[in-house]
Amino acid sequence: AVQMRLATALYGLTYIFPFLVFPISLANAIANSFGGLGLIDVVGGFCASFLTTGSIYLIRKAKLSSWFIILPILLVPALVVPIWLSALLKLPYFALVINLLLGQLVPAILGAVLVRELAKRGYFLVMICFFVSFSWCQLVTRDKQTVVNISRIFLILINPILIHFEVKIISSQLS
C-alpha cells in the first residue's frame, strides 16, 4: 500500500507566502504527533518539512518557475523520511523511498497547481476551495482522526496568511 498525504501539497504555499516555512513545518510535527511513531517521527517530520518548505522558498528566491516546487515536495520527503522510518519499521530504506516517491507524486503536482491557481485567481478563494475539496476527500475515507488533523493543520496555516493580509490592509490604510 502506498500512503498519499495530500496535505503535503500545502508545502507549495511557501512559494507565495515564504513566512509559512516554519508554521507548515510545525503543522507537520503536530500531525505526526498523532501518528503513533513517537518523538523521532515528530522531530524528523518537522525537519523534513522545514527542508522541503525551505527549498521551495529558495526556488522562489531564485525566481524559478513555480513548477519547480514539484521537485522538493517529491524528493525531500521521499529521501529524508525513510532515514528514520526504515529503522522504526524495520523495512529497507530504498523500498520506503520508492513507496514515498509514489505517494508524493500527486501531492507534488497538486502543490504546483495550487500555487499557480492562487497566483491567477486570488489567494483566499482558492484556499477555501482547496480546503473544502480536500476535506471532502478525507471525509469520503471516513477517517475522522485524519479530518481532525487536517482541520488543525489548516488553522495553523491560515492564521499567518490572514494576519499577513490584515497587516497589508492596515498599512495601506495608514499610508
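Observations, loosely collected:
- Enumeration of residues in segment 30-47 that are of a type in the set (A, V, I, L, M) and surrounded by 20 or more Cβ atoms within 10 Å (Cβ to Cβ): A31
- Among the residues of segment 1-20, those identified as within 19 Å of G111 (Cβ to Cβ), open to solvent by 20 Å² or more (accessible area, probe 1.4 Å) and either assigned to a helix (DSSP H, G or I) or not basic (K, R) (or both) are V2, Q3, M4, L6, A7, Y15, I16, P18, F19.
- Check on S55, assigned to a helix (DSSP H, G or I) and at pLDDT below 95: no
- Meets criteria (within 11 Å of the chain's Cα centre (by Cα), open to solvent by 10 Å² or more (accessible area, probe 1.4 Å) and free of Cβ contacts under 8 Å to residues at least 60 places away in the same chain) for F50: yes
- Residue in segment 61-73 that is touching a Phe, Trp or Tyr at 6+ places or on another chain (Cβ under 8 Å), in a helix (DSSP H, G or I) and among the basic types (K, R) present: no
- Residue match in segment 87-101 (condition: touching a Ser or Thr at 6+ places or on another chain (Cβ under 9 Å), among the polar types (S, T, N, Q), surrounded by 15 or more Cβ atoms within 10 Å (Cβ to Cβ) and part of a helix (DSSP H, G or I)): no
- All positions within segment 60-79 that are under 21 Å from N28 (Cα atoms) and touching a residue at least 40 places away in the same chain (Cβ under 8 Å): I69, I70, P72, I73, P77
- Of all residues in segment 53-77 being surrounded by 19 or more Cβ atoms within 10 Å (Cβ to Cβ) and of a type in the set (S, T, N, Q), the one that is farthest from G12 (Cα to Cα): S55
The values are calculated or read from the model by the stated rules, or taken from the named source; none is laboratory data. Since this is a predicted model, take the numbers as computed values, not measurements. Backbone-built Cβ (ideal geometry, glycine too); neighbour counts: all protein chains shown. All accessible areas refer to the heavy atoms of the entire protein, side chains included, with ligands and DNA or RNA removed. Shrake-Rupley method; radii C 1.70, N 1.55, O 1.52, S 1.80 Å.
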